[in-house]
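Here is the structure we will look at.
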Amino acid sequence: MSRALVLGGGGPVGIAWECGLIAGLAQAGVDLGAADFTLGTSAGSFVGARLAMGAEAAGLAEPILAEAARAASAAPREGPQRKPADLRFLMEKMTEAQTSLRNPAEVRAEIGAWALAAETIGEDDFIASFGRSFAGLAADYWPERGYACTAVDAETGGFQLWTKDSGVGLTRAVASSCSVPGVYPPVTLKGRRYIDGGMRSGTNADLAGGHELVVLVALRLGDGGPNDRMRARLEEEIASLEDGGSEVLLITPDAASQTAFGANLMDFRRRPGAVQAGLDQGRALAAELAARWS
């Protein structure tokens with residue numbers, strides 16, 4: 001049976017939760033890292049890349065737990081803190097891009113123009129911030145295991161799927177997928193600038209067709225109201241996969257995980273609670289997933 005793993009976006013908090021979820025499942029006997037193909041968007045691109053590089057699924061949470069322990073024992077940081085970015089424009093445009101009133105690529109291009117003009121850390125500093133997870137990789141390295149991640153051209157709004165055949169390196173591809181407009185700088189690949197693949201969809205799950213089983217991990221679901229385009233888009237992607245013959249197993253944050261997230265998925269202070277909530281949810285889900293994943 002061919003199995004795919006789709007990991008959606010959700011900022012630094014989402015990375016922590018997905019790492020915990022996957023680790024908790026693996027510790028209880030369900031190794032999602034054994035997927036034949038992994039597709040990541042934004043936060044999911046980072047977590048998926050670690051799996052594709054051969055990181056042990058059961059140990060994914062350990063670096064974040066260790067980071068939390070170090071932070072708890074460290075002295076409080078002094079001095080001025082960076083003011084959080086005002087993302088109201090981004091939220092408005094992301095909502096507009098999900099409607100049928102305008103060409104989505106045109107709206108994404110407006111987001112890209114805003115991202116290119118935003119004051120953020122430098123591109124090199126952003127790439128370096130991925131730290132030891134990608135340290136020492138060759139500029140053109142791509143894992144042999146099936147893996148792809150998503151991005152959006154900042155100038156045209158065109159969607160980009162990075163794969164082994166794209167001729168780009170993993171580090172910059174993942175960075176482009178994680179480049180939240182207004183927070184991080186667009187990332188240069190092949191002479192063009194790219195932003196977060198979540199500008200098209202929080203999961204881009206429709207690109208995982210052709211596999212008998214798709215485990216879809218989605219953090220952002222919207223409010224469930226009649227105008228909830230985020231949830232509608234997810235349902236459309238699931239329907240597309242099922243119409244193509246795939247069985248889809250959807251995993252979303254449980255109540256405890258949502259509480260651990262708080263209101264801002266970019267808040268690094270929420271990572272310790274998110275990773276633990278993910279571990280707990282993964283262990284609780286393992287029995288239900290085991291028969292279908294094996």
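Couple of notes before you dig in:
- Gained length - M1 relative to D165, 0.36 nm times residue gap less alpha-carbon distance: 56.6 nm
- Gain in span if fully extended, E155 to A34, counting 0.36 nm per residue against the direct Cα distance: 39.9 nm
- The chain - accessible surface per residue (Å², probe 1.4 Å): 46
- Other residues with beta-carbon under 14 Å from the beta-carbon of F261 carry, at +1 per Lys or Arg and -1 per Asp or Glu, a net charge of 0.
- Highest-MSF residue in the chain out of R220, R102, R229 [GNM, Cα springs under 10 Å]: R102
- Local electrostatic count at L170 - Lys and Arg +1, Asp and Glu -1, tallied over other residues with Cβ under 10 Å: +1
- Modelled spin-label separation between L250 and R229, with each label point placed 7 Å from Cα along the Cα-to-Cβ direction: 1.9 nm.
- Positive minus negative residues near E235 (Lys, Arg vs Asp, Glu; Cβ under 13 Å): -3
- Kyte-Doolittle at least -1.0, axis length at least 15 Å by Cα - qualifying DSSP helices, the chain: 11-27, 62-73, 104-117, 229-243, 271-293
- Within the accessible area of the chain, the carbon and sulfur atoms contribute 51%, probe 1.4 Å, all protein chains present.
- Label-reachable residues, the range 229-267, where backbone N falls under 12 Å from a point 7 Å from T95's Cα toward its Cβ: 229-230
- Shown is the FRET efficiency for A291 and E242, computed with R0 = 22 Å from the Cβ-Cβ distance and rounded to the nearest 0.05: 0.70.
- Computed over the chain, relative contact order equals 30 percent, with contacts defined as Cα pairs under 8 Å that lie 6+ residues apart.
- Approximating the spin labels as points 7 Å out from Cα along Cα→Cβ, the E106-to-A263 distance works out to 3.4 nm.
- Result for the chain in a Gaussian network model with C-alpha springs under 10 Å: among R172, R70, R283, the largest mean-square fluctuation is at R70.
- Of the GluC sites (Glu not before Pro) found in the range 84-180, the ones in coil according to DSSP and having at most 12 other Cβ atoms within 10 Å of their Cβ are E119, E144.
- Taking 7 Å steps out from each Cα toward its Cβ at L87 and R192 produces label points 2.5 nm apart.
- Here the Gaussian network model covers the chain, with springs between Cα atoms less than 10 Å apart; of G14, G167, G33, G167 fluctuates the most.
The values are calculated or read from the model by the stated rules, or taken from the named source; none is laboratory data. Just so you know, these numbers come straight off a predicted model, no measurement behind them. Note that each Cβ is placed from the backbone with ideal geometry, even for glycine, and that neighbours are counted across all protein chains shown. Accessible surface areas use protein heavy atoms only, side chains included; no ligands, DNA or RNA. Shrake-Rupley method; radii C 1.70, N 1.55, O 1.52, S 1.80 Å.
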